[in-house]
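Beneath this line is the structure, given in structure tokens, with notes to follow.
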Amino acid sequence: MSEYIITTEKGKWEVICGLEIHCQIISNSKMYSGASTVFGADPNEHVSFVDAGMPGMLPTLNKQCVHQAVKTGLGLNAKINKYSAFSRKNYFYADLPQGYQITQFQYPLVGEGKVVVDLSDGTTKEIGIERIHIEQDAGKSIHDLDPKRSFIDLNRAGVGLMEIVTKPDFRSPEEAGEFLKKLRSIVRYLGTCDGNMDEGSMRCDVNVSVRPYGSNELRTRCEMKNVNSVKFVMQAIENEAKRHIEVYESGGQIAQETRQFDPVTGQTKVMRKKEYAHDYRYFPEPDLLPLVLTDEYIDSVKKEMCELPDAKKARYVEQLGLTPYDAKVICENKEIADFFETAAQGRDAKKVANWLMGDFFAMLKEKHLELKDSPISAEHLGKLVDLICKEVISGKIAKDVFVIMADTGKDPEQIVEEKGLKQVTDTGAIEAIIDGVIASNPDNLAAYKGGKTNLLGWFVGQVIKQSQGKANPAIVNKLLKEKLDK
Ligand code: MN
């Protein structure tokens, strides 16, 4: 594996990074109340007395949120803790009306797990999961609508979150970026979080420290809060590491602090001095009983698990003959994988993958379309490949048919029929064209016979052109060679 080392005039440095990712749980109602989680409602439309922190209100744990978090834990190869418990994390903020967050502290729902990431040099790396705990989201403070006032929207207050904490296993921005992509892909496959970082349903806190290359020490780390894209996470790691190195090399010390990543400059700036766990006065949540799960329950969630991207990728490579790269791209997104499987059903899967990765993706990009809006259905793409494999049309004509499919959404068989594009395999008809081409080009024939045998390609081209692309190239090649060598 290629190492990521930052080299300066004074020395070599290694980056240490860990991530904490808050994932909004897909569920119709909130974590501890029955209020709706629907997105896009008017401010404060979906706020129950519990979410508003009214005195005397009692939270009730949402079964569906627990179910989703257990499923996510299984998807990250993690241990599900049969005993977990809730704690109060006390802090004041205007968008947290209770004055505390109900979270899990000592006893998280999910324990250690692991995720394998694929790196650009073809190697893989295992990233450790430390824990996943479940907790409630806060509301939103809105500071940019009015010059003098701030607004509070509590629609998000109480929405269920899974906080996924990794071990400090990342040694490069790339590893962290690939991990986030893999995690996003897994939660989307599972249907437990929509993974949209730009909408805030997956938010990443990035912890970074550096150490002299080759040493084992752990130096002070800084945390960047709520970085909202894979690219920004990678930038934040790189730039924060460089900042630490500059400080150390000029004789300074790094203070443990919480920083903010500015997407415009790519730099980080200090938000506040780092708070410690004891600052929050965690104590057991008196309004919720500990959560106790049975083996039967955990087994029942296991039975619901679908094939995840890693397993799917391995199957595509081993059983369908796809390249690891193609398999990775297709498996990253479940909709694409489903589309591919429908198109490849009972056919040459590798050919289907080539069309999908090539002309098909290029077409979507050119037309600015999402897969679900594709004018070409999976069935039609499969049929097009059939037409090529059965030699009804040549690969070249297929490209033209594909363009018509993209413009009209029509069935390729119908297009071939209507436009009369069927390949000519009738040797008599092809021979007639060949004879004509040879007769009208005596100079090239003489040159060929004189030893310029690479003129064969030119003759093939002429014959195919005269057949308007419909002559079967293999037959043309064979017949031409026979006639020229006679
Ligand atoms: Mn949290």
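Using the crude model of +1 on Lys and Arg Cβ and -1 on Asp and Glu Cβ, and no other charge, please compute the dipole size for the chain relative to its Cα centre, in debye to 20.
Working: 64 positive and 71 negative charges, 148 e Å.
Result for the chain is approximately 700 debye, rounded to the nearest 20.
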Original post:
GluC sites (Glu not before Pro), restricted to the stretch 1-75: which are DSSP loop and have at most 11 other Cβ atoms within 10 Å?
Top reply: GLU3, GLU9
Subject >> the stretch 5-301 - share of DSSP beta bridges that are antiparallel (%, nearest 5) >> reply: 95
**OP:** Would you mind checking which residues have amide H under 5 Å from VAL110's amide H? H placed 1.01 Å from N; only 5 or more apart, or other chain.
**Re:** ASN81, ILE132
Subject >> Selected from ASN454, THR427, LEU479, residue furthest toward positive end of dipole (the stretch 427-484; charges at beta carbon) >> reply: ASN454
Subject >> Positive-pole candidate from ALA378, GLY358, PRO324, dipole of the stretch 309-419, charges at beta carbon >> reply: PRO324
Subject >> Nearby aspartates and glutamates by direct alpha-carbon distance to LYS12 (threshold 18 angstrom, same-chain neighbours under 8 apart not counted) >> reply: GLU3, GLU217, GLU238, GLU240, GLU246, GLU249
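Go through VAL47, VAL352 and list them by solvent-accessible area, largest first, probe radius 1.4 Å. Before the final figure, lay out the partial values.
Numbers: VAL47 50, VAL352 0 Å².
Most to least solvent-accessible, the answer reads VAL47, VAL352.
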**OP:** Spit out the partnerless Cys residues in the chain, using Cβ distances under 4.7 Å as the pairing rule.
**Re:** CYS17, CYS65, CYS204, CYS222, CYS306, CYS331, CYS389
Subject >> Distance from the stretch 124-200 to the stretch 416-464 (C-alpha centre basis), Å >> reply: 62
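Using just the helices of the chain, give the 222 nm mean residue ellipticity in deg cm²/dmol: DSSP H runs with n ≥ 4 each add -39,500 (n - 2.57), and the total is spread over all residues, rounded to 500.
On the way: 16 runs with 183 residues, N = 486.
Taken over the chain, the calculation gives -11500 deg cm²/dmol.
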Original post:
Listed here are the pairs LYS79/LYS181; LYS71/LYS114; LYS312/LYS410; LYS71/LYS125; which of them are more than 25 Å apart at the Cα?
Top reply: LYS312/LYS410
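Just to confirm, what accessible area per residue do you get for the chain at 1.4 Å probe, in whole Å²? Could you put the intermediate results ahead of the total?
Numbers: 24430 Å² over 486 residues.
Averaged over the residues of the chain, the accessible area is 50 Å².
If you take the square roots of the eigenvalues of the alpha-carbon gyration tensor of the stretch 229-323 and sort them as a ≥ b ≥ c, do you get rounded (a/c under 1.5), prolate (a/b over b/c) or oblate? Don't skip to the answer; put the middle values down first.
Numbers: a/c = 3.48, a/b = 1.31, b/c = 2.66.
Because a/c hits 1.5 or more and a/b fails to exceed b/c, the stretch 229-323 counts as oblate.
In the chain, once you exclude exposed chymotrypsin sites (Phe, Trp or Tyr not before Pro) (DSSP loop, at most 10 other Cβ within 10 angstrom), what's the longest stretch remaining?
On the way: sites that count: PHE92, TYR276.
Longest site-free region, per DSSP loop and neighbour criteria: 277-486.
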Original post:
At a 1.4 Å probe, what is the % contribution of carbon and sulfur to the accessible area of the stretch 104-253?
Top reply: 47
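If packing is taken as the mean number of other Cβ atoms within 10 Å per residue, what is the order of 377-387, 303-313, highest first? Can you show the working numbers first?
Numbers: 377-387: 20.0, 303-313: 15.6.
Going by the mean number of other Cβ atoms within 10 Å, highest first, we get 377-387, 303-313.
What is the percent carbon and sulfur in the accessible area of the stretch 309-419, measuring with a 1.4 Å probe over the protein chains and ignoring ligands?
Numbers: 2880 of 5740 Å².
That fraction is 50 percent.
The values are calculated or read from the model by the stated rules, or taken from the named source; none is laboratory data. Quick caveat, the model's predicted, so the values are computed rather than measured. Every residue, glycine as well, gets a Cβ built from its backbone with ideal geometry; the counts of neighbours run over all protein chains shown. Only protein heavy atoms, including side chains, enter the accessible area calculation; ligands, DNA and RNA are left aside. Shrake-Rupley method; radii C 1.70, N 1.55, O 1.52, S 1.80 Å.
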